[in-house]
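Q: There's a structure below that I have some questions on.
The values are calculated or read from the model by the stated rules, or taken from the named source; none is laboratory data. Computed from a predicted structure; not experimentally measured. Glycine gets a Cβ as well: all are built from the backbone with ideal geometry, and neighbour counts include every protein chain shown.
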Amino acid sequence: MAIFPLRIRDLRYQPNGREVLAGIDLDLGDEGITLILGPNGAGKSVLLRAICGLVQPSSGRMLWGVEQGARPERGVMMVFQKPMMLRASVLHNVALGLKPFGLPRREREARAWAMLERVGLADRAGDSAPRLSGGEQQRLALARAWLTRPRLLLLDEPTASLDPSASAEVERIVREIRTDGTRILMVTHNLGQAMRLGDDIVFMSAGRVCEHTPTQRFFARPQSEAARLFIQGELPWRMRL
Ligand SMILES: Nc1ncnc2c1ncn2[C@@H]1O[C@H](COP(=O)(O)OP(=O)(O)OP(=O)(O)O)[C@@H](O)[C@H]1O
Ligand SMILES: [Mg+2]
């Protein structure tokens, strides 16, 4: 089943009456890298979690594919800012991604090896995964997700706390994953990164999507006042619109 376009309509999440998502409207086509920007507390991470089914919205609709049906069981993966690592080897942690697919162990490990080559971690395959650096763990997590050939990959600040060269490496991998045919929706606080990677930008504030614009236009002529202030570094913390 095709999972795009994804149409999100008036999606709300109100735990204990608090408006965390205050009516999200968003359309995602089947190609490219979409970057989500917005101040702390805007609801970016909660939106990603809702899209991958980890958060149950209070109301609203999420319609997948031309059939406009429910989220497919497979094909949507998320990589967190601090990826989870089992106390086991790098290879085992990557091969784990294929567990639900019922492949024999040999096959899982062969594919995991190939993926480790692609993210530049093949020489660390036998090392303990929790001992990897932050940047290496992020690459491991990308490899683990990529291995399953997701249709949609959700990335929540994958380069937060990485040094410039580790960030550049993650950006390279994200581009390759896209070239391989995966749709990417990624949160970042790094405006330079958003310019480099994003085909389009979703700007969120106070639980809403304020605008969704092609990247060049977003930075040259943001449509919303909130985005204009944000780009200038002047958006007050958790500004309510
Ligand atoms: N279950 C919950 N109950 C109450 N408040 C919640 C819950 N989940 C999230 N929130 C609140 O919703 C707001 C948005 O959270 P979210 O993590 O999505 O922000 P964000 O845009 O990702 O911010 P940051 O840039 O800091 O990562 C926060 O104020 C958070 O505390
Ligand atoms: Mg967040």
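Q: Give segment 39-58 a look and list any residue that's part of a loop (DSSP other than H, G, I, E, B) and of a type in the set (V, I, T), or say none.
A: At the first step, the residues of segment 39-58 found to be part of a loop (DSSP other than H, G, I, E, B) are 39-43, 53-58.
Matches in segment 39-58: V55 only.
Q: May I pose another question? Could you check I24 against (1) of a type in the set (V, I, T); (2) within 16 Å of the chain's Cα centre (by Cα); (3) farther than 23 Å from V174 by Cα and say which number it fails?
A: Unmet condition: (2).
Q: Inspect segment 111-119 for any residue being in contact (Cβ under 8 Å) with a residue 40 or more places away in the chain and within 22 Å of the chain's Cα centre (by Cα) and give the result as yes or no.
A: First pass over segment 111-119, keeping only residues in contact (Cβ under 8 Å) with a residue 40 or more places away in the chain: 118-119.
Next, from what is left, pick out any that are within 22 Å of the chain's Cα centre (by Cα): 118-119.
Yes; the residues of segment 111-119 include at least one that is in contact (Cβ under 8 Å) with a residue 40 or more places away in the chain and within 22 Å of the chain's Cα centre (by Cα).
Q: Just give me the residues in segment 1-11 being of a type in the set (V, I, T) and either within 16 Å of H212 (Cβ to Cβ) or not in a loop (DSSP other than H, G, I, E, B) (or both), in sequence order. Outline the logic, then answer.
A: Taking segment 1-11 first, the residues of a type in the set (V, I, T) are 3, 8.
I8 - this is the single residue of segment 1-11 that is of a type in the set (V, I, T) and either within 16 Å of H212 (Cβ to Cβ) or not in a loop (DSSP other than H, G, I, E, B) (or both).
Q: Could you please find all residues in segment 12-27 being surrounded by 21 or more Cβ atoms within 10 Å (Cβ to Cβ) and under 16 Å from H212 (Cα atoms)?
A: The answer is I24, and nothing else.
Q: Then there is this: Could you pull out the residue among A166, A141, A206 that is more than 16 Å from the chain's Cα centre (by Cα) and more than 16 Å from ligand 1 (Cβ to nearest atom)? Show your work before the answer.
A: On the way: A141 fails: more than 16 Å from the chain's Cα centre (by Cα); A206 fails: more than 16 Å from ligand 1 (Cβ to nearest atom).
Only one candidate passes the filter, namely A166.
Q: Filter segment 120-136 for residues that are free of Cβ contacts under 8 Å to residues at least 40 places away in the same chain, buried (at least 18 other Cβ atoms within 10 Å of the Cβ) and part of a helix (DSSP H, G or I) and give the result.
A: R124, G135, E136, listed by residue number.
Q: Moving on to the next point. With the condition kept exactly as written, say whether any residue in segment 204-226 is touching a Pro at 6+ places or on another chain (Cβ under 8 Å) and among the hydrophobic types (A, V, I, L, M, F, W, C). Step through it out loud before you land on a result.
A: Residues of segment 204-226 touching a Pro at 6+ places or on another chain (Cβ under 8 Å): 205, 211, 213.
Imposing the further condition that a residue be among the hydrophobic types (A, V, I, L, M, F, W, C) reduces the set to none.
Checked against the condition, which is being touching a Pro at 6+ places or on another chain (Cβ under 8 Å) and among the hydrophobic types (A, V, I, L, M, F, W, C), segment 204-226 yields no hits at all.
Q: Separate question: Among the residues of segment 61-103, which ones are modelled with pLDDT under 95, in a loop (DSSP other than H, G, I, E, B) and of a type in the set (G, A, S)?
A: Restricting attention to segment 61-103, the residues satisfying the condition of being modelled with pLDDT under 95 are 65-75, 80-84, 96-103.
Narrowing the set further to residues that are in a loop (DSSP other than H, G, I, E, B) leaves 65-68, 70-75, 80-84, 102-103.
The answer is G65, A70, G75, G102.
Yes/no matrix, rows are residues, columns are (1) surrounded by 21 or more Cβ atoms within 10 Å (Cβ to Cβ); (2) within 18 Å of L47 (Cβ to Cβ):
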residue	(1), (2)
R172	no, no
D180	no, no
L185	yes, yes
S205	yes, yes
T213	no, yes
F219	no, no
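Q: Do the conditions hold for L37, that is, is it within 20 Å of A125 (Cα to Cα), in contact with a helix residue (DSSP H, G or I) (Cβ under 7 Å, 6 or more places away or on another chain) and touching a residue at least 40 places away in the same chain (Cβ under 8 Å)?
A: On the way: within 20 Å of A125 (Cα to Cα): no; in contact with a helix residue (DSSP H, G or I) (Cβ under 7 Å, 6 or more places away or on another chain): yes; touching a residue at least 40 places away in the same chain (Cβ under 8 Å): yes.
Here the answer is no, as L37 does not meet what is asked.
Q: Can you name the residue in segment 28-48 that is surrounded by fewer than 17 Cβ atoms within 10 Å (Cβ to Cβ) and within 15 Å of ligand 1 (Cβ to nearest atom) and is also farthest from R196 (Cα to Cα) among such residues?
A: G41
Q: OK, next. Which pairs do you get when a residue that is among the acidic types (D, E), found in segment 145-172, comes within reach of a residue that is in a strand (DSSP E or B), reach meaning Cβ atoms under 6 angstrom, with the pair 6+ apart or on two chains?
A: If the second residue must be in a strand (DSSP E or B), the pairs left are D156/V187; E157/V187.
Q: I need the full set of residues from segment 155-190 which are outside any loop (DSSP other than H, G, I, E, B), out of contact with any Asp or Glu (no Cβ under 9 Å at 6 or more places or on another chain) and within 16 Å of ligand 2 (Cβ to nearest atom), in order please.
A: Passing the criteria: L155, D156, L185.
Q: Within segment 14-38, which residues are part of a loop (DSSP other than H, G, I, E, B), under 20 Å from Q216 (Cα atoms) and not charged (D, E, K, R)?
A: Across segment 14-38, the qualifying residues are G29, G32, G38.
Q: Just to be sure I understand the filter: pairs with C-beta atoms under 7 Å, separated by 6 or more residues or on different chains, first member in segment 67-87 and over 26 Å from A2 (Cβ atoms) and within 16 Å of ligand 1 (Cβ to nearest atom), second member of a type outside the set (G, A, S) and in a loop (DSSP other than H, G, I, E, B). Which pairs pass?
A: The qualifying pairs are Q81/E157.
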